[in-house]
1. Could you list which residues have their amide H under 5 Å from that of Ala377, counting only those 5 or more apart in sequence or on another chain, with H placed in the peptide plane?
2. About the Cα centre of region 1-127, how large is the charge dipole given +1 on each Lys and Arg Cβ and -1 on each Asp and Glu Cβ? Please answer in debye to the nearest 20.
3. ³J(HN,Hα) across region 230-243 via Karplus (A = 6.51, B = -1.76, C = 1.60, θ = phi - 60°), whole Hz, x for Gly/Pro?
4. Which of the pairs Lys371/Lys509; Lys199/Lys409; Lys76/Lys371 have their Cα atoms more than 28 Å apart in this structure?
5. I'd like the Karplus ³J(HN,Hα) series for region 201-211: coefficients 6.51, -1.76, 1.60, θ = phi - 60°, whole numbers in Hz, and an x wherever there's a Gly or Pro.
6. What is the local net charge at Ala163, summed over the other residues whose Cβ is closer than 9 Å to its Cβ (Lys, Arg +1; Asp, Glu -1)?
7. Whole number in Å², please: accessible area per residue of region 185-307, 1.4 Å probe, ligands, DNA and RNA not counted.
8. Taking Lys256 as the anchor, which lysines have their alpha carbon closer than 20 Å to its alpha carbon, excluding any fewer than eight residues away along the same chain?
Amino acid sequence: MGVKGLQSFTEQCCQEGCMPVHLRELASQHVRNQPSTSDPNPPTLVVDGMACVRQWYSCPAWVHGGQWKHFLHLLKEWVGAFTSAGIRLVFFFDGVVEEQKRAEWIKRRQRVNRDISRLFTHVKRQGQQPGRDLFCLPSALSTFSLFALRSLGQQVHCSVREADYEIATFALQQNCMGILGQDSDFLIYDSAPYLSVNKLRLDRMTTMMYSRDCLCHTLQLHMAELPLLACLLGNDVVPEARMQHVRSRALAIYRKTHPCSDLPLREKVLAVAQLIFSSRGCLGPAGLDLSDSDRQVLQMGLQYYLLPGQQSLWEGLVSSFPLSPVCAMERYVCPEVLQAAREKHARCEGFMVYNVLYNGMVECSNTLEDKEDEDLAPQALVFQPCREHIYGILLPIHPDSNGDVPTVKEWFVFPNSPLKQPNIVYPAPLTRPGTASPSVDLEDQQKRLLTTCGQPDLKVLWFGQDPESSSLRLTCFLSVFGCEELSVEQGQLEGSLLAVLCLVTYITKQVERLSLEDVDAYLSQAVCLRSKSPTQLRHTAVPHVNSRAIQLGSLFVRGLTHLLDANSACGQPLAMEELMPWHTFDGLLFHSKYLMAHTGTPHHLLLEDNACWLSTFVSLRQKVLEACRRKGRIVQSIPRPRTTLPGQPVTDRRQRGERNPQQHRVTPQHRDTQQHRDTQLPGGATTGTEHSRPRARAPNRQRYQLAPRWTQYNHFQDPGSGLP
């Protein structure tokens, strides 16, 4: 949450409440003030992870999908600065979007969508990454920050309700030295001191501390009256417009004694504070002249600020608020699984799993997607089939005795979506009618672990210790993406490459307009990435920025989050670390490979003349294409050379629409040149495309090019078409 205008008011009108502090000195002072019998643990700073991600991601290239190895390196330095100062860090991240905040969440997502549209307009006009005024965080940055911090040995929590509340509660109960964040709600909670991450200078270990005592002194309020001030000013639970009539009345009273003497922001805050002060002792629902609905909203807002063990001045306005949410799917799932799901979530290993089982709802924030690109479907649509299979693992897929079937509400952001209501999605079995069973090659014991309807036993997946259960986990994981035949690759490929192989195969089968050049770019960057340092990756040359490559890069990263979700739902057949982007993807490297692949660069140059890399690449490529062929998907070569930017001369005949006079025949010299571009492999195989095969003519362009199996999802094409 955030209180409208309170942060600015404190900085502009209560400057004595904004105190520069040295974190080393603050830590030493905190230790001195502790009783001698207290636990000798180092001073602890509770960090609002969501408020820090923009500062953590200071990599120069951000539009391409993320410089993940570089990001991990920077995050290690950030954590190390506090460790060297003797300060322990505990991180909290938002694990849910509460319904009280849904309207504000939607407003923010739509605002970011408008920025993304401007971003793509800039890229297509200039061919370069925009300035920081259009900066957008790489997709899933907060999700992978959780795992990055854990890999660095940090304590990380994923919240089961409003993260601000859990941060303030932890800081109060653990007697922490402070809360590091950027949210004015931390001025309202009666908890540890609030420190600004935006004012943090890591080289000096200094920041700004905001004093609640000074704020209360300026406003002539008690600490316990701050929650009411916050709700009357407006926050994410109590919309600003909801209490406008109260503020208008307060301003009218205030201006009688202070006519035109204050700035609008100062005037508004002081007027509301004066109303609270003057009504002290008799202020209640009746005194505020609220409707029943407004009173309920105000009550909801006040209870968010009341931490465990604290009392409110207005008992009639505040009710008890349970820390643990009510489970929406309790009647469908056994208690052991629900408990395990909660533990997975707390360990930051089962974000989707927890939200599906406890809330019956899943969210996904903005992705860098070009609303003008008619060839590429939004990631929300591309990955919906695999999500349906994940839901089919977690929830029943047939009606119960009452005829009820559980469904999942999806709030996924994509271009032109009004986000007026969620998309209702039904769980799907791992095997659809008329398709081969994913367990066809398993031993009889493993077959018995799958039910006849294609749904595995969740307790076997999560708790089974025998070898058959382990094999079933991998089979189910691959079946989520329609890649069950890749189970033979376990042990022959590194886990990260198996993940890449699974993801690229899935994307290629789902995205009809994905070309051989796109596949080559995905696979070549994954193979080369493993041996490159963050410094080498930072110096990757990208002569210009391509809007389609941006979207494909973000699509891949979103795919990695679906691998994480499937891995968690299937009992983690793969180590989570193997699915991390710093092992599988670098946006700058991918962009470079994309531009090279689409301008006809031979494979041996695409793999930087490294024979070992080339061999691995060719093997992965053959597996992807073979898996697609088995599903009837023939991947075509569709090179997309750079388009001419406005004001630039047209030098390429293809861009002018002219036919190259040399293309009507193939001379021996041309044939020799073409053969030289294709690297010969043992047995006479070639890494190049089959040039004797004519290139496919582009199909008629639609809003989205949907594979035949997606016809039932056409409601995504029309934002006003409603739910299925």
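1. It is Gln705, by chain and number.
2. Details: 17 positive and 11 negative charges, 166 e Å.
So the dipole magnitude of region 1-127 works out to roughly 800 debye.
3. Karplus values, whole Hz, x for Gly and Pro: 4, 6, 6, 6, x, 9, 5, 9, 9, x, 4, 5, 5, 10.
4. Numbers: Lys371/Lys509 22 Å; Lys199/Lys409 39 Å; Lys76/Lys371 36 Å.
Violating the 28 Å Cα-Cα cut-off are Lys199/Lys409; Lys76/Lys371.
5. In residue order, the calculated couplings are 10, 5, 5, 9, 6, 10, 7, 10, 10, 9, 9 Hz.
6. On the way: positive: Arg161; negative: Asp48, Asp94, Glu162, Asp164, Glu166.
Around Ala163, the surrounding residues sum to -4.
7. That works out to 42 Å² per residue.
8. The reachable lysines, counting only those whose Cα sits under 20 Å from Lys256, are Lys268.
The values are calculated or read from the model by the stated rules, or taken from the named source; none is laboratory data. Just so we're clear, the structure is a prediction, and the values are computed from it rather than from any experiment. With ideal geometry, Cβ positions are generated from the backbone for all residues, glycine too; neighbour counts draw on all protein chains shown. Ligands, DNA and RNA are stripped out before the accessible areas are found, and what is left, the full protein with its side chains, is counted by its heavy atoms. Shrake-Rupley method; radii C 1.70, N 1.55, O 1.52, S 1.80 Å.
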